[in-house]
């Protein structure tokens, strides 16, 4: 069900690097500049969303590293395609009205069931409301661009066939809906903080100070637990003012529906063992101390065809539109004047890095 937001990958094509326009020019596409700052920002986004996120700086420093070359090549191509796509949208004078945007939001809400569920998905994906609006507006422009080239149609037979051949995609495990209050308490973070402020501290003193901080946070969590137990109806308000998870705190601690695998084990074990409307005791995870309130349950099952057919239709439509856009971009790139101002970003230089030839030659 959550796959409906995958269509936003289209919109990413025309948001890459567009917020950073300063710095040295490294590439020109039809005389429109792409800067070093744009490359750096987009590169950081790519790596930050990959399995190499924790080693981002090391990856960028390894100038002869094959992985660095692969990422660099992908980012360069994305920036070129992004520029070509923006130019084509401007050339065709494609715009999106507020009415278009409002209709799209209504469509998403009708598929998900509520605006709150849409907000939960965005929060879990780390997408801010302003970022979501920008992505949605860009996606709508790309849809219009694709349809201006070849009108996209989806038949009822295509939708039904998609559902029947992918029924497993529309099944879901048991889920619970819960809210929580979190008091952050991570011993590793405490250890790093204390050692940074006192590099010569002994192991025993370090251990004692870390434990003291953990005890302090636990005492704070226990105090909040007593407050919640005394006033269960005020859970949301207490979460708003006292939870360290500021993202969920804005919504009264609400996390929406989730399966066991979506949360860390101590949290899931507690949440899935709680009856509805019962408040947990303190639950400790690697993040700290949680106070959990389960508000609903959903048994494992599968979404019926009628519930997902609109989503499937849009998925098929988006796939077709992506095909149209990919063909367009290939054509636009072939006809474009692309100047690699900084020779480091030329295809031959990137391929050499990917092939690891520089290292081989040194050896």
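The values are calculated or read from the model by the stated rules, or taken from the named source; none is laboratory data. As the structure is a computational prediction, the values presented were derived from the model and not from experiment. FYI the Cβ positions are ideal-geometry reconstructions off the backbone, even for glycines, and counts take in every protein chain you see.
Quick look at the numbers
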| quantity | calculated |
| --- | --- |
| Residue within the stretch 131-147 that is at positive phi and in the same structural domain as residue 322 (by TED's automatic domain parsing) present | no |
| Test set (1) closer than 13 Å to residue 316 by Cα; (2) modelled with pLDDT of 95 or more; (3) crowded, with 18+ Cβ neighbours inside 10 Å - residue 182 fails condition number | (1) |
| Test for residue 127: is it in a helix (DSSP H, G or I) and either out of contact with any strand residue (DSSP E or B) (no Cβ under 6 Å at 6 or more places or on another chain) or within 30 Å of residue 94 (Cα to Cα) (or both) | no |
| Selection within the stretch 16-29 - touching a helix residue (DSSP H, G or I) at 6+ places or on another chain (Cβ under 6 Å) and either modelled with pLDDT under 55 or not in a strand (DSSP E or B) (or both) | 16, 17, 20, 22, 23, 24 |
| Selection count where residues are in contact (Cβ under 8 Å) with a residue 60 or more places away in the chain and touching a strand residue (DSSP E or B) at 6+ places or on another chain (Cβ under 8 Å), scope the stretch 233-248 | 6 |
| Residue among 215, 245 that alone is out of contact with any helix residue (DSSP H, G or I) (no Cβ under 6 Å at 6 or more places or on another chain), surrounded by 18 or more Cβ atoms within 10 Å (Cβ to Cβ) and modelled with pLDDT of 90 or more | 245 |
| Residues of the stretch 148-173 satisfying the condition of being surrounded by 13 or more Cβ atoms within 10 Å (Cβ to Cβ) and over 23 Å from the mean Cα position of the chain (by Cα) | 148, 149, 150, 152, 154, 158, 159, 160, 161, 162, 163 |
